Every structure is written in C-alpha cells, then in structure tokens.
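The next block holds one structure in the form of structure tokens; read it before the comments.
The values are calculated or read from the model by the stated rules, or taken from the named source; none is laboratory data. Keep in mind that this is a model prediction, so the values were computed, not measured. So basically every Cβ, Gly included, is an ideal-geometry build from the backbone, and we count neighbours across all protein chains shown.
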Amino acid sequence: MNVLTPSTLDEALRHRAEFPDALPIQGGTDVMVDVNFDRARPETVINLNRVEELQGWRRDNGSLWLGAALSYTDVITSELASVVPALAEASRTVGSPPIRNRGTIGGNVATASPAGDALPPRLVEGAEVLLASTRAQRRLPLADFLVGPKTNALASDELIVGVRLTPCGQPQTFMKVGPRNAMVIAICSIALVADRERDELRAAFGSAGPVAGLITAPLSERSTFAEAVSNAASPIDDVRGTATYRRHALRVLVGRAMDRCLG
Amino acid sequence: MLRDRLGLPGSKNACEQGECGSCAVLLDDELVCSCLVLAAQSEGRSVVTVEGLRNGDILHPVQQAFIDAGAVQCGFCTPGLIVAAVDLLRHQPDPSEDEIREALAGNLCRCTGYAKIIDAVKLAATAGGGST
Ligand SMILES: Cc1cc2nc3c(=O)[nH]c(=O)nc-3n(C[C@H](O)[C@H](O)[C@H](O)COP(=O)(O)OP(=O)(O)OC[C@H]3O[C@@H](n4cnc5c(N)ncnc54)[C@H](O)[C@@H]3O)c2cc1C
Ligand code: FES
Ligand code: FES
C-alpha cells in the first residue's frame, strides 16, 4: 500500500486528480475496518491528517464553518457544544473515546451511512457540504449530497473541505436508540429543533430509511408531528431491529424531543 | 507494526475494528485504537503503548493499582484498559464512577465483570495516577 501524505489542500487535490482510485483517509475509523477485513484493498491511500485547511472550525458572518477533519471530541470539548448542541449530543454517542478522538464529521458525511449520527443534527440546521477539486469548488445541501446508503455525490477527484451551517440558536436535541449507551450503531435516531423564530419544527431521522431524512412542520402541528415523522421514514427489518419497531421508536423519540425542547 | 516489527506485544491485535480497545495507545497524547491507525499516519508523532508508561523499574500508578485491586484476570484486555485509564486521569484526576464508565466504554473485558477495574481506577486516582 502506497500512502501519500499531502500537507496542503492543493497538494491533496492534485493527488486526488492524479490517482482517482486512491482512497482518502482521515480518522480511519471507517476506512481501516474495511482494510482490516479485506473489504477494501486500496493500492494508494491519501492520508489527510496533515492538511491544515481541513482542520478546526470558525465563525464566518453569522454562519459556522466546520472543517472536515473536526473530530467528535473537538465538537464535544469546544465552545461548539453550546453553538450546535444537538451535534454535540450526537457526537457524544459515537463509539467510545478513542473512536471520538479519531472519527471526524467529514468522514461521517463521506461514508453517508443511514446510521451516521452526525448527519441528522446537521440536516436540521440546513448544512451545506463544501467540496473542492483542482477543477472547481462547489457546495451542495447535505440532503442532496447523501444519495443512498453509503453513496454520496462526491466526484472521484473531489474532497470534502467542510460543512457550513447557520446555527439557529433554538432549542434542539438528539436522541438515539440502541442496546447500550456506547459503541452502538443506532437502531434509529432523531435530531429535532423547535424553531420559535421561524415557527417551525424540524426533525431528521437516522437508521430509518436509505438516507437520513428531514421533515418540517409549523409549530401548530405539534400534536401530529411525531406521527408525520414516523410515516415519512422508510425503515427496513434488519439484525438491529424491525421496521415496525423503528416506526414506533421514532414516534416516541419525537414526542420526547418535543417535550424536551418545548416543555 | 507495533507487535511484530517493534516487538511491543502489549497492545493486542484482536477485533481489528475498534470495538474492543485492547489495542489502545496514546498517539500524540490522544487515546486511539492502534488497529485503526496506519503506521504511516503516525510518522513524526509520539506513540506510547502500555510498555512506555512505567518509569524504569517503577510501574505507573495505574499499572500498580490494577495489580493491587485485583483487576487482572487473563490480562488480555489489561494493556488497553490501563492506557485508557491513564488518559482519563490525565484529563480528570478525580473521576466519578460515571466518568470512569464512560471513559472505559470502548474497552471490553470478558473476565472481570468490570467492578475490579473500576476499583483500580479509583485507587489509581487516590494514588495520584493523573500526575504522570
Ligand atoms: C468501533 C466504532 C464505533 C463507531 N460508532 C459510530 C457511531 O456510534 N456513530 C456513527 O455515526 N459512526 C460510528 N462509527 C463510524 C465512524 O467512526 C464515523 O463514520 C466517522 O465519522 C468516520 O470518520 P473518519 O474520519 O474516521 O473517516 P475515515 O475512515 O477516515 O473515512 C471514511 C470515509 O470518508 C472518506 N473521507 C474521509 N475524509 C474525506 C474528505 N475530507 N473528503 C472526501 N472523502 C473523505 C474516506 O475515503 C472514507 O470513504 C464507528 C466506527 C467504529 C470503528
Ligand atoms: S483490536 Fe483495536 S479495538 Fe480491538
Ligand atoms: S481480564 Fe480477561 S479479558 Fe479482561
């Protein structure tokens, strides 16, 4: 295996253009599992750990830029925990401390798992994915970037630079159902915002359809919203749970999340 | 790399999927599962395995506490747990039981039932395990 370790975004994008089959790796918490189990045998990997432009986060005219290399631990232990609280709650449920230290919110977007815990909190905040290649830069709403289970809209010469969102500052929460408090792939999950400013309830579910999905309604529809979210999902039966259980759990979670956010 | 090339068998090679924590090391002072880090990604960075914690012949207070509390049975999980406990005590020298459980949630032990492991971390905390 040939490992390229670029130190700038430009250099990384040039590698990406030159080796379209090379696999980018950031925290490795998805990539290395595939490598260790022989599900992926990349001839070349592009190690993004030293690319400065993907690190950290910043405020930009009221919006928030989160670098692709931001780890879950970064989200939980920084000021971000109060700026994007649902994302921080979700981050705290990911794996275990060593997984949270290495796993990144950019890797979570690229993997595009229906169960990606960092996805619902960003859907309810209207996040856009910022993409770059040697050809151009573009931005896509997160909902459009997530194409299907483990498929995304990334071109073979592109990298995710980060995501941008405008924190609404409204009551929000994240909830996840699983057999344990740690090391759990969600049976289902939701992120919910009760946005009094825009008179809107926004919920996004995980592990209850081919991609994480967003549902909105006016605050006046509170009494039917849990049912609406549950109906909008398209869960399947799998080893973790049945479709019927997932629909039921979504109803319960949305009800509890509304209680938590609206009292 | 750590075990076969560098001869450091402390970190275990078990699940290879980040689930068991028996391969835990400190990479630039950050707790990671070494099975999920390419050797090339650690180039130019410090890697501390369980072997690197003791000071000469003197065991690290966390290592000593695991022995004193009887937290080791077969010992397979022990190196990873010790590294994770050292990481916890560096960030939180006086952890509550919940904090200990959350910090060690990524380490599986098939033998002890965890109670003695929690005792060992508490013992290490009183012995000042966070200061080294
Ligand atoms: C034990 C364990 C527990 C886990 N628990 C959870 C959990 O509870 N919830 C959850 O959501 N996930 C969980 N995961 C999955 C994983 O940790 C997350 O999806 C994580 O966010 C992946 O980030 P990473 O940086 O490690 O990605 P990597 O493994 O480095 O990469 C993942 C994918 O993204 C691509 N990629 C990475 N960075 C970029 C970039 N900048 N541009 C383009 N492509 C890129 C890679 O090519 C690869 O396809 C777990 C994994 C393990 C091993
Ligand atoms: S071998 Fe690395 S976590 Fe199990
Ligand atoms: S002592 Fe045997 S696995 Fe923990």
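The table below lists the values:
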quantity: From B:VAL62, B:VAL37, B:VAL25, residue being farther than 30 Å from A:ASN47 by Cα and more than 14 Å from ligand 3 (Cβ to nearest atom); calculated: B:VAL62
quantity: Of residues in segment A:179-213 being of a type outside the set (A, V, I, L, M, F, W, C) and touching a Cys at 6+ places or on another chain (Cβ under 9 Å), the one surrounded by the fewest Cβ atoms within 10 Å (Cβ to Cβ); calculated: A:GLU197
quantity: Candidates B:GLN73, B:GLN41 - the one that is of a type in the set (S, T, N, Q) and part of a helix (DSSP H, G or I); calculated: B:GLN41
quantity: Which numbered condition B:CYS77 misses (of (1) more than 14 Å from every other protein chain (Cβ to nearest Cβ); (2) within 12 Å of the chain's Cα centre (by Cα); (3) surrounded by 19 or more Cβ atoms within 10 Å (Cβ to Cβ)); calculated: (1)
quantity: In segment B:92-113, the residues that are out of contact with any helix residue (DSSP H, G or I) (no Cβ under 8 Å at 6 or more places or on another chain) and touching a residue at least 12 places away in the same chain (Cβ under 8 Å); calculated: B:LEU108, B:ARG110, B:CYS111, B:THR112
quantity: Residues located in segment A:21-60, provided they are acidic (Asp, Glu), within 10 Å of another protein chain (Cβ to nearest Cβ) and touching a residue at least 40 places away in the same chain (Cβ under 8 Å); calculated: A:ASP30
quantity: Considering residues of segment A:89-107 that are under 14 Å from A:ALA186 (Cα atoms) and without any contact (Cβ under 8 Å) to a residue 40 or more places away in the chain only, the residue surrounded by the most Cβ atoms within 10 Å (Cβ to Cβ); calculated: A:SER91
quantity: Residues located in segment B:82-110, provided they are within 16 Å of ligand 2 (Cβ to nearest atom) and more than 12 Å from chain A (Cβ to nearest Cβ); calculated: B:ILE82, B:CYS109, B:ARG110
quantity: Pairs, first within 13 Å of chain A (Cβ to nearest Cβ) and away from ligand 1 (no atom under 16 Å from the Cβ) in segment B:31-53, second assigned to a loop (DSSP other than H, G, I, E, B) and modelled with pLDDT under 95, C-beta under 9 Å, six or more apart; calculated: none
quantity: Number of positions in segment B:1-16 that are within 13 Å of ligand 1 (Cβ to nearest atom) and either hydrophobic (A, V, I, L, M, F, W, C) or at pLDDT 95 or above (or both); calculated: 2
quantity: Selection from segment B:17-30 of residues that are assigned to a strand (DSSP E or B) and within 13 Å of ligand 1 (Cβ to nearest atom); calculated: B:ALA24
quantity: So B:ALA14, is it within 14 Å of another protein chain (Cβ to nearest Cβ), among the aliphatic types (A, V, I, L, M), surrounded by fewer than 24 Cβ atoms within 10 Å (Cβ to Cβ) and in a loop (DSSP other than H, G, I, E, B); calculated: yes
